[in-house]
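Working notes, structure below.
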Amino acid sequence: MRRTLIAAPLILLLAACGSQPPAPEQNPSGVENREPKAIGGDAESVNRDAIDPYALEALKDPKSILAKRSIYFDYDQYVIKPEFQPLIDAHAKFLVKNSKIKMLIQGNADERGSREYNLALGQKRAEAVKRALGMLGAREEQIESVSLGEEKPRCTDHSDECWAQNRRGDVLYTGEF
Amino acid sequence: MRLGYNFPMKLHSLFAAAMLAATIPVQAQLSIEITGAGANRIPIAVADFAGERVVAQALVSIVRADLERSGMFRLVDAGPVPIDENSTAYADLKSRGADALVAGSVTGAADGHYETRFRLHDVQKQVALGGQGYGHSGGQIRVTAHRISDFVYEKLTGERGIFSTRIAYVVKSSGRFELQIADADGGNGQTALASREPIISPTWSPDGSKLAYVSFEAKKPVIYVHDLVSGRRHVAANFKGSNSAPAWSPDGRKLAVVLTKDGISQLYAVNADGSGVTRLASSAAIDTEPQFSPDGQTIYFTSDRGGSPQIYRIASTGGDAQRITFEGSYNVTPRPSPDGKSLAYVSRNNGHFQVTVMDLATKQSLVLTDSQKDESPSYAPNGRMIIYATEMGGRGVLAAVSADGRIKQKLSVLAGDVREPSWGPYVK
């Protein structure tokens, strides 16, 4: 398992060089749609400033705060609550240190009300996370914030607990989306 | 009122009652107080058509269902014997309580085609009100039946029928999303797009040839324009961030869209081919769900700039926004009526999300439903009915309500969750 986790970004780097197609076992849709563009650069620059595989491994270490990827929000709100500030700090630090890595922030909303308004609400949450990271030095080009609105609920019951789980921003790194 | 001159008096007053709005001068003077749609429906007999029995039965049953579902008619049994279009045996139907009769015939023609003829009769006055003939294949029975229903509806109510129109909607079943197109009665459903990722906000081009929608197949919301005849599609907006809430301009050349390329959700316009993006409005808040007024002069949208989501409008050329909704703390999804005089939207009342209509002149609003999770209202092109998504028994279903709230329909239940309805334009 550990091997695959490290392998994904490495293979993507090779793909970016144009020398090797993405490996089919590496989640083709995400790879084909987004990765090559997201990494960019020619072979030389990639080699000179490659993503540190050990840093990427830290993202998966369950003991690391970097393994925490979700920021939860109150109903109809997009303010980052203080309890999530350490998480934001750690990810900002990681982005600054690994300037070649890209992040996708997916905002989510609970199911109540208009789908399009919820999409906008999810976007505002993703944007709030992006700005918080930006204030701590992450670069604009490193981060894309998008919204999944109410369309990809983590929890599908119609309850307060469930809705709270779905009012969320998730951060994903290169190779994870 | 194109055909008012040959209306019998009894029917005439009934029509006036059924018309409710009394927008047609001839009927305005005859308007009577309405106590409910059920009391004022026009009694009509749709006889079994003579000729090809199987085709005739299929066709007539669709006409009956169309007329009954509209809430404007009460079906009267025409008796067991088929009646062709030339019959003038009015006495029996009169005794059965019918004011109008639809009779006809289906004859088999060469190469598996059929010729269907029908005539609409005024039973009370004992005159024919008109008729039509259609050549059609066995696969066109539904279309032909809807055309007959449209003819009858228009002759008797004075407004255009919507039985030949189509609806688009999204069906979700076990991790699969299908964008489907069906007849307005929910029949004849066909899949335009199937995806493992969500599809939302389908909307018809004004000429009915294309759908714009938002698909998440690229792991983020991207707007596509899909040609229904060729099945080909192109990306209309795929900027950094989210791309959503497409709305066609009345001339079909542009889409109002919501982009987040410069931060939070804001209103932009793009050409339908995806070129020429321009900003429509600027705010520090969420602006979404744009909709053009029928004359293209105004754009209605949802914004939380005042602290809660409310409906606003701006001139489509830009300028200051004007707030439209003030009651309650959640008013979203504005949909102007085809005549531009009313606005349908979803309001939250005691935690229930309900389809609501506002008279834009008086600003009076009326909650049309008693359900709890209404979404995505969409007007029929004649403005009479509003289709919307709601939830029944924990499942997404489609329902329709008349713009005055009196007539309510639930569309035929399909498998899975059904949502995101959009009513298509008139068929030419």
Check your understanding: Of the residues B:Ala110, B:Ala89, B:Ala285, which exhibits the maximal mean-square fluctuation in a Gaussian network model of chain B defined by a 10 Å Cα contact cut-off?
Key -> B:Ala110
Review point. Which whole number gives the average, over all residues in B:209-221, of C-beta atoms from other chains lying within 10 Å of the residue C-beta?
Key: 4
Practice item. May I ask you to list the lysines whose Cα is less than 17 Å away from that of B:Lys428, ignoring any residue fewer than eight positions away on the same chain? Key: B:Lys210
Review point. If you place +1 on the Cβ of every Lys and Arg and -1 on the Cβ of every Asp and Glu, how big does the dipole about the Cα centre of chain B come out, in debye to the nearest 20?
Key: 480 debye
Practice item. Return the distance in nm (one decimal) between the two label points of a simple spin-label model at B:Ser173 and B:Leu75, each offset 7 Å from Cα along Cα→Cβ. Key: 2.6 nm
**Study point:** Shielding by other protein chains, A:143-153, mean Cβ within 10 Å
**Key:** 6
Review point. Efficiency by 1/(1 + (r/R0)^6): what FRET value for B:Ala109 and B:Asp251, r their Cβ-Cβ distance, R0 = 45 Å, to the nearest 0.05?
Key: 0.65
Check your understanding: Percent antiparallel among DSSP beta bridges with both residues in chain B, to the nearest 5?
Key -> 90 percent
Review point. Roughly how tilted is helix B:9-19, in degrees to the nearest 10 and between 0 and 90, from the longest Cα axis of chain B?
Key: 20 degrees
Review point. Is there a pair in A:Lys102/B:Lys219; B:Lys341/B:Lys408; A:Lys60/A:Lys93; A:Lys60/B:Lys240; A:Lys63/A:Lys130; A:Lys60/B:Lys261 whose C-alpha atoms are over 19 Å apart, and which pairs would that be?
Key: B:Lys341/B:Lys408; A:Lys60/B:Lys240; A:Lys63/A:Lys130; A:Lys60/B:Lys261
Point to revise | Average beta carbon contacts from partner chains per residue of B:258-264, 10 Å cutoff | key: 5
Practice item. Would you please give the residues with an amide H less than 5 Å from that of B:Val127, counting only those at least 5 places away or on a separate chain, with H modeled from the backbone geometry? Key: B:Asp122
Review point. In degrees, nearest 10, range 0 to 90: what is the angle between the Cα axis of helix B:141-157 and the longest Cα principal axis of chain B?
Key: 80 degrees
Check your understanding: Any idea what angle helix B:53-69 forms with the longest principal axis of chain B, computed on alpha-carbon atoms, 0 to 90 degrees, nearest 10?
Key -> 60 degrees
Check your understanding: If you take the beta carbon distance between B:Lys341 and B:Asn271 as r and set R0 to 30 Å, what does 1/(1 + (r/R0)^6) give as a FRET efficiency, to the nearest 0.05?
Key -> 0.55
Check your understanding: Given Cα pairs under 8 Å that are at least 6 residues apart, what percent is the relative contact order of the range B:166-423?
Key -> 13 percent
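Read-outs: derived from the displayed coordinates by stated rules, not from any lab. Bear in mind that the values here come from a model prediction, so they are computed numbers and not experimental data. Cβ atoms come from the backbone with ideal geometry, glycine included; neighbour counts cover every protein chain shown.
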